[in-house]
Structure formats: structure tokens, C-alpha cells
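Working notes for the structure below.
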Amino acid sequence: MCGIIGYLGSRDVIPVLIEGLKKLEYRGYDSAGIAIVQDGELRIWRSSGKIANLESQVNGLRVGKGTGLGHTRWATHGRPSEENAHPHRDCSGKIVVVHNGIVENYLEVKKALIAEGHRFTTETDTEVIAHLVEKHFTHGLEEACRKALSELEGVFSFAALSAKEPNVIIAARNGPPLLVGVGDGENIVSSDVDAVLAYTKRILFLNNHEMAIVTQSSTRIMTFNGSHIEREPETLRWNPIMVEKGGFKHFMLKEIHEQPMAIRETCYGRVSYDTGQIFLEDAGLDSDYFRQMRSVALIACGTSWHAALVGKFYIEQIARIPCEVDYASEYRYRRPLTNGNILTVVITQSGETADTLAALREARDLGSRVVAICNVSGSMAVRESDGMILTHAGPEIGVASTKAFTSQLAALYLLAHFLGQQKGTIQPADSLQGLHELARLPHLIEIALQRENEVDELARRFFRASDFLYIARGINYPIALEGALKLKEISYIHAEGYPAGEMKHGPIALIDEDLPVVVITTNRNLASKTASNMQEVKARGGTLIALTTDDEPDTVSDHVLRIPSVSDLLSPILSVIPLQLLAYHIALYRGCDVDQPRNLAKSVTVE
Ligand code: AGP
């Protein structure tokens, strides 16, 4: 994640930008910079490292009222360094851009711009935006940004400023949050409410595919294709917790909506989309090790264990390597037969789960090489493992794990391709199609998230249920388990996940009109088999809620939730989204404490 700040008003602009960046530092702090317009010229200061380094450069400097942009960076493209720090400028030095997210097609756009004579000075994808705006700068900044947006792909937001139009900032959102704090004679563009609440509580939140044309005294909101949007600012209650939630009601909801970025950032820097190669240097798995490795053991708890169940499909179907899955809380009590030929991968969001740490130690003591897939870089699991694959989901505060889970699945998908390539069971080129689909998954998740109202409607119908059954086959069976866990841990409704094929061996006795049955049938390879199970439920008067893809007809279910079409292997990452939202909204209707459910803790550090 990165942090964007912009200011137009009568205050001294430099302190406003610096203070705003400090409030956004949690979003990333490997480099930072500011740009202001003064006497028709752009002045830029940038530094690597924390905001304090930048502040020391401008300490005491006062330039009076003005317009400016600031940025604090979490590097995705290009090393954390001063030259890669934002703001980035065009050839003329008259246009600057700050950006959050990833411009996916930056290489081809950069190549075309270079062919047209543009000169680049950094390795970043961001700089492409500045030159594209320059290219289209014939009738002003607004139109130039709109035209630039039509050529960019990816999940990103940016703000742009030109010395030729010193009284306007353009802010465009296509993924990461971006908003405008509407002050009295001043306006502040920011990634998060934290940086604006010192000046105003009136907030205009931008939605995806919207841009704001911001002056000192006005804010116009348009769609990317130029349609005007009428929107009144929201007035936030003074609530520090709300502030941290970036305007979302709960951390869990914020984190559900952060999943596109979490997956992007987990994948970034690890994939060559040209050759199909995977780079997992921190995993510490060199070619010598692969000569001895024969199989994989995935060990975890709770939601992370559900990720491990999906990981087994990835490792066996992609890499064709045998893979076992274990509950960490069971592993060390069954005298596991592990050794130096088995790669043990512990999966843990917190990196502090006692059972998982104990299993990690047991595996290592028995000679197995251990790698941690973890979301917290400084955690025990990372420190005690031989290697790591960090998920870059950002801090996950809600007790119910969401963005960490889908980031774990993305990491496991990359690991499977990596293992297959290292063992020679697949060539990098064989990975390309799947990796390109993974790269597009954040877009598809955005689409699934935009259907939240349909899920909320379903939650309103079923929140009084006392039991739920979730069923699925194949790679989505772990998602049936995960959907059930999400529901039970935040709404306290008893919910069970079950293999759909196992229904007839007992659970079908539970079916009646009071038992909502959620059937996940998004993996085409078993859709016809699952259809029979759906008929069995209906024949016994059950209430059927199908989760299927946009292109699948459904004439038998009572309710249908849909996700965009996706390959079977990647369907779990998309299927879980509506189930996370269903659990969230049902818990809300039941008045439950979504972020801190009873009896639970974010990290179970006791056995
Ligand atoms: C998931 O929503 C729960 N909070 C819980 O099952 C969690 O996944 C489990 O405790 C494992 O935590 P970890 O990933 O931090 O090890």
C-alpha cells in the first residue's frame, strides 16, 4: 500500500503535506516525497526511508499558501530509493503524479512512450502515468488525465498536478481508496481519512472509476468517461476507530474490500509475466534442496488450514508433487513421519499461533526444511523457519481472517508453480496462462465486491436461521468449510461445511425447509455431480442457495449468488468473497461484534 496526500488552500502547504504523510505512514514507508507549485514552477523533495528523512530536508522551509502533492511509498515496482520515490514527473518537469497500486500494462505503455520520444528516469510504473498525462496535455489536466486513464490497466489510484494549472489537482480512483476532505476554503486529497480529519470531517469518498477535479473551493466528481456525479460529502463522527477504518463500518469489511490490492501486492515482484518464472528468494529453497525433496506437508490452523487444503490441489495438480495437509494442533501428537525429503510449509496469518509454532519446531527437529507463509514479517513463525513467503495483505485487524486467506491462496498458487518449475515437472512457459489469470483476479474480485448488495439482501432473509450447511466438491470443498467458519465465528450460528458427495452418507437427514444449504458450484469440472446433490436437497424440501458463475444457468435453486467466470483452480479465491460478505452481513443483522467476536482472539497464542 502507499499513501497519497494533496492540498489546495491558504495554509503553508509544506507542513500540511508533511503532517499528512505522517498520518499515512502506516501504509508504507520505504521512501517519500512532496511536490509544490510555486511561481509557476514545480519544486520537488524526495527521500528514501521514513518520513522523518524527508522532513529533515524541508525542515523550517515555509513557502506560504499553495498547492502540493505528497506520497509515502511501499515499493512494488523499483527498489525503495530516492530516485524511485514519488512524486514522479514528465519530460517537461511541469507535471507530477503520485500513485498507489499497480499499473499492470506499464511496460507496453512505457515502450510506446519511449518510441514517441519520452525520456524515463526511474524503474517505476508510476512514471508512465506522468508521461501519459503529458502526451495528452492539449486541453488541460482534467482531459489529459481522463485520456491517460483510458490507456492504463491495473488496480491503482493516482493524483496529478501541473505547474501550468497550479490551482487544480486531479484525483482518480481505480482500486485503492482515495477521497477528498472538503474544508472551508481548502480541500485535501488523501488515501485515508486519517490525513484530513485535522482540517475537516466532511469527506467525499471516491468510488472505483471516478475522478475528482479539486480546486481550493470546489470538488467536481466525474466518471472516467466524463459523466458528472452529484454527491454530497459525508460528515464523519469524530471516532478515532472509524478513522483507522478508512470510513468502513468494521475492519472486517475494510479488509474484505482490500483483497484485490492484497493479492496484487502478494504477487508483485514474484512473477515474470513474460517468461512465467516465479521468484521466491526469501523461501530459501535452492536447486540443491530440490534434488532431495520428494513431497510437501502443509500445516496450519483454522482459516489457514482451509488455505492448506486448497494448496494441496495446487501442489498436486500443478507441480504433480505429493502433498499432505495437517492440523497443526494434531500434528505433533501423532509422531509425524517427516524428514529431510519433505518440505514443510506452515501457513499462518499472525505467525504467532501456538499450535502452528509447535508443529514448526517438531518438523524442524525431525529434519524437515520449513517455510512459513505468513502475513507478519517480524513474527515468530518467520523467525524460526528456514525460509518465508510473506503475504503482503497489510495489517489484518478483524478477528475473522479474510484478505490474509485469499493472499495465502495466491501465495500457494505461486509456490505450486515454483515447485513444479524447480522439480522440472512443468516449464515456466506452462505457467504463463495461469499466472496471467491470477494477475487479473483482483479485477474479478472487484466485480464480486460490487455485488455486495445482493449478498446483503440474502443476509436479511436468512439471519434468523439457527443452522447453515455449506457443501461443495473438489477444490471448493475447503471453501465450503471456510464459508461455514466465517459464519459461525462472527454470527454464532451453527454452520457446517461438508463434501457435497458425502451428503447421502448421513447429513442429508438434516435437510428440511429451515436449513439453508449453500452450494458452491463454481468449479466446472464437478458441476454436473454437484447438480445432483442440489436436486437431492430440493427433493427433501431444503432451501438452496447456489454460488455459481455468471455463465452457469440455474433453474433449481431458491437463491443464486454469482461470481465472474474463472478457472477451476483459481475459483476458490473468488468463491470465498460472497461467503465472507454473507457472514459479515448476517452478523450485522444479528447485532454481533463483527471485529471482536466473543471468545475469539486474532492470534491464538495459547495451545
Ligand atoms: C479465522 O477467521 C480465525 N480467526 C482463525 O481460524 C485463524 O485462521 C486461526 O486461528 C489461525 O490463525 P493464523 O493464521 O494467524 O495462524
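The values are calculated or read from the model by the stated rules, or taken from the named source; none is laboratory data. For clarity, every value in this text was computed on a predicted model and none was experimentally measured. For neighbour counting, all protein chains shown are included, and Cβ atoms are generated from backbone atoms with ideal geometry for every residue, glycine included. The accessibility values were calculated without ligands, DNA or RNA, using every heavy atom of the protein model including side chains. Shrake-Rupley method; radii C 1.70, N 1.55, O 1.52, S 1.80 Å.
Pick from segment 453-487 the residues that are in a helix (DSSP H, G or I) and open to solvent by 30 Å² or more (accessible area, probe 1.4 Å): which of them is nearest to the ligand (Cβ to nearest atom)? Going through the qualifying residues, I end up with L485. Counting the residues of segment 507-528 that are in contact with a helix residue (DSSP H, G or I) (Cβ under 7 Å, 6 or more places away or on another chain) and surrounded by fewer than 24 Cβ atoms within 10 Å (Cβ to Cβ) gives 5.
Return the residue satisfying two criteria in turn: it lies in segment 401-426 and is hydroxyl-bearing (S, T, Y) and buried (at least 24 other Cβ atoms within 10 Å of the Cβ), and of such residues it is farthest from the ligand (Cβ to nearest atom).
Going through segment 401-426, the residues hydroxyl-bearing (S, T, Y) turn out to be 401-402, 406-407, 413, 425.
Subset that is buried (at least 24 other Cβ atoms within 10 Å of the Cβ): 401-402, 406-407, 413.
Values: S401: 4, T402: 8, T406: 12, S407: 11, Y413: 18 Å.
Here the answer is Y413.
Screening D288 with (1) free of Cβ contacts under 8 Å to residues at least 24 places away in the same chain; (2) crowded, with 19+ Cβ neighbours inside 10 Å gives one miss only, at (2). Scanning for something assigned to a helix (DSSP H, G or I), under 28 Å from the mean Cα position of the chain (by Cα) and under 22 Å from T266 (Cα atoms), does segment 8-25 turn up at least one residue? Scanning segment 8-25, I find at least one residue that is assigned to a helix (DSSP H, G or I), under 28 Å from the mean Cα position of the chain (by Cα) and under 22 Å from T266 (Cα atoms), so the answer is yes.
Could you tell me which residue of segment 386-400 is farthest from the ligand (Cβ to nearest atom), considering only residues that are under 15 Å from L280 (Cα atoms) and open to solvent by less than 20 Å² (accessible area, probe 1.4 Å)? For segment 386-400, the residue satisfying everything is G387. For the residues I263, I278, the requirement of being in contact with a His (Cβ under 7 Å, 6 or more places away or on another chain), in contact (Cβ under 8 Å) with a residue 24 or more places away in the chain and open to solvent by less than 20 Å² (accessible area, probe 1.4 Å) singles out I278.
Here K504 does not qualify as in a helix (DSSP H, G or I) and surrounded by 24 or more Cβ atoms within 10 Å (Cβ to Cβ).
What number of residues within segment 298-320 satisfy the criterion of being open to solvent by 10 Å² or more (accessible area, probe 1.4 Å) and away from the ligand (no atom under 16 Å from the Cβ)?
Looking only at that region, the number is 6.
When L412, L390, L366 are screened for being closer than 25 Å to Q277 by Cα and at pLDDT 95 or above, only L412 passes. The residues in segment 352-377 that are without any contact (Cβ under 8 Å) to a residue 60 or more places away in the chain, small (G, A, S) and open to solvent by less than 10 Å² (accessible area, probe 1.4 Å) can be counted, and the count is 1.
Applying the criterion of being surrounded by fewer than 18 Cβ atoms within 10 Å (Cβ to Cβ) and among the aromatic types (F, W, Y) to the residues of segment 321-335, the residue that is nearest to the ligand (Cβ to nearest atom) is Y327.
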